[in-house]
Amino acid sequence: MLDLLVTHANLPDGRTDMSIAVRDGRIVEVAPRIDAQAHETVDAGGMLLTPHFVDPHFHMDATLSYGLPRVNQSGTLLEGIALWGELKPTLTADAIIERALAYCDWAVAKGLLAIRSHVDTSDPSILAVEALLDVKRRVAPYLDLQLVAFPQDGLLRTKGGVDNLKRALDLGVDVIGGIPHFERTMAEGAATVKLLCEIAAERGKLVDMHCDESDDPLSRHIETLAYETQRLGLQGRVTGSHCTSMHSMDNYYVSKLLPLIAESGVSVIANPLINITLQGRHDTYPKRRGMTRVPELMNAGVNVAFGHDCVMDPWYSLGCGDMLEVAHMGLHVAQMTSQEGMRRCFDAVTTNAAKVMHLQGYGLRVGCDASFVLLQARDPIEAIRLRATRLKVFRKGRLVAETSPTTATLDLEGRPQKTDWIARPRDTAK
Ligand code: FE2
């Protein structure tokens with residue numbers, strides 16, 4: 001007897017009319033037809049069943065704090081950091097936990113079941129670290145929360161920065177972060193990359209650094225990150241986040257940099273919603289977009305994922321945990337409008353992001369966790385176009401969220417109600 005059987009589902013790899021059988025929280029069979037009894041059967045009706053969404057870059061300690069103590073007037077990264085500095089002394093663990101849990105509820109409703117969140121370690125009390133470790137334990141039954149020790153004010157620029165970061169790691173934070181472009185000098189930034197990678201090698205940790213979130217084409221810490229990754233044998237365990245300076249770099253230099261990143265096995269995370277608003281603020285016209293070179297990195301063989309980064313905080317005033325909105329913005333900013341390009345944007349918020357986080361049991365194969373989302377769309381492109389309704393969200397075989405399908409309730413002109421309402425251009429048909 002199965003626990004759950006999903007029938008007539010389309011899968012992200014293009015297979016249609018597939019069934020998926022679930023027992024004890026895991027996928028036990030994937031086939032066109034499965035003849036077995038199940039406690040619960042879901043007829044997907046030709047809609048897309050996808051592994052859950054993954055956000056590989058977020059700041060949960062700041063989320064839902066928009067307007068506290070004031071809003072960001074200039075819209076720049078630097079005013080956001082200053083504003084966060086004003087807010088920090090007033091933060092309480094209870095307030096951080098309450099906001100984080102509220103966000104996680106939103107995330108689950110949107111089919112987002114794994115989040116990598118940076119947590120600021122600059123404050124000697126490491127209040128936010130303890131709060132988010134508590135949140136991590138509390139949400140574990142329904143959401144994987146991975147934490148990154150993030151010295152927001154600069155590892156070397158902050159008194160006690162290295163000790164604070166190490167204390168966060170001792171408490172159980174999973175990943176080592178950094179912000180080399182915010183250190184006092186380029187040389188000090190490079191020194192933090194080296195030091196943080198050495199700590200990671202020593203402790204067997206993953207690395208995810210905010211890297212070159214700047215419009216300065218000479219901000220080249222990603223080069224040092226790739227070099228240190230190779231030197232210390234950390235291939236596949238390191239990520240460079242944002243990397244926006246690459247947008248403004250000289251093309252010749254980038255032609256050398258891309259293969260260097262690829263051979264080091266460093267993943268890159270672009271945060272399209274945030275960097276399309278934060279970057280280029282010192283420009284008049286033409287005004288740079290400021291997102292990293294996504295298709296070029298992908299074509300070079302680099303694993304590229306998209307992150308949400310912020311929701312309602314000192315840096316960004318919008319957002320709702322919808323990774324399809326993130327993919328939609330990424331697609332536009334990177335002009336990835338080909339069929340293949342749009343599918344790659346879907347991968348950037350699912351499989352590529354899961355790879356960044358080293359998620360175990362992710363996917364729709366036999367043996368994987370039955371953690372998937374039934375969308376009101378037939379394929380990944382339609383899902384992005386519609387920012388599709390999450391009809392059902394399952395976590396290890398258990399239904400954790402449900403949303404009614406989007407449909408008209410009135411037929412004002414007397415036409416027969418169209419149930420098959422999603423238009424499909426011929427070239428997207430399978
Ligand atoms: Fe960030």
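The values are calculated or read from the model by the stated rules, or taken from the named source; none is laboratory data. Just so you know, these numbers come straight off a predicted model, no measurement behind them. We place every Cβ from the backbone using ideal geometry, glycine too, and count neighbours over all the protein chains shown. All accessible areas refer to the heavy atoms of the entire protein, side chains included, with ligands and DNA or RNA removed. Shrake-Rupley method; radii C 1.70, N 1.55, O 1.52, S 1.80 Å.
Table for the structure above
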{"read-out": "Ordering of 293-300, 279-286, 46-53, 95-102 by packing [mean C-beta count within 10 Å, highest first]", "value": "46-53, 293-300, 95-102, 279-286"}
{"read-out": "Amide H contacts under 5 Å for Arg293, placed H, 5+ residues apart", "value": "His247"}
{"read-out": "Proportion of all alpha-carbon pairs of region 330-390 beyond 13 Å (%)", "value": "67"}
{"read-out": "Nonlocal amide H pairs with Asp208, under 5 Å, H built at 1.01 Å", "value": "Ile176, Gly177, Thr239"}
{"read-out": "Degrees separating the helix 251-264 axis from the principal Cα axis of the chain, which is the longest one", "value": "70"}
{"read-out": "Per residue value of the accessible surface for the chain (all protein chains in place, 1.4 Å probe), Å²", "value": "42"}
{"read-out": "Percent accessible area from carbon and sulfur atoms, the chain, protein chains only, probe 1.4 Å", "value": "52"}
{"read-out": "Candidates Gly301, Gly14, Gly290, ranked by Gaussian network fluctuation over the chain, Cα under 10 Å, top entry", "value": "Gly14"}
{"read-out": "Compactness of the chain as Cα Rg over 2.2 N^0.38 Å, two decimals", "value": "0.99"}
{"read-out": "In Å, descending, principal axis extents of the Cα set of region 115-237", "value": "43, 30, 28"}
{"read-out": "Sorted largest first, extent of region 25-102 alpha carbons per principal axis (Å)", "value": "61, 28, 18"}
{"read-out": "GNM result for the chain, Cα springs below 10 Å: residue of Gln335, Gln146, Gln235 fluctuating most strongly", "value": "Gln335"}
{"read-out": "P(r) of region 213-293 over all Cα-Cα pairs, binned every 5 Å from zero, in whole percent", "value": "3, 16, 26, 23, 16, 10, 4, 2, 0"}
{"read-out": "Restricting region 181-266 to trypsin sites (Lys or Arg not before Pro) in coil, as DSSP defines it, with at most 10 other Cβ within 10 Å", "value": "Arg184"}
{"read-out": "Debye log10 I(q)/I(0) for region 156-197, one point scatterer per Cα, at q = 0.18, 0.27 Å⁻¹", "value": "-0.50, -0.97"}
{"read-out": "Separation of alpha-carbon centers, region 52-88 and region 101-166, rounded to whole Å", "value": "13"}
{"read-out": "Mean residue ellipticity (222 nm) of the chain, computed from DSSP H runs ≥ 4 via -39,500 (n - 2.57), nearest 500", "value": "-10000 deg cm²/dmol"}
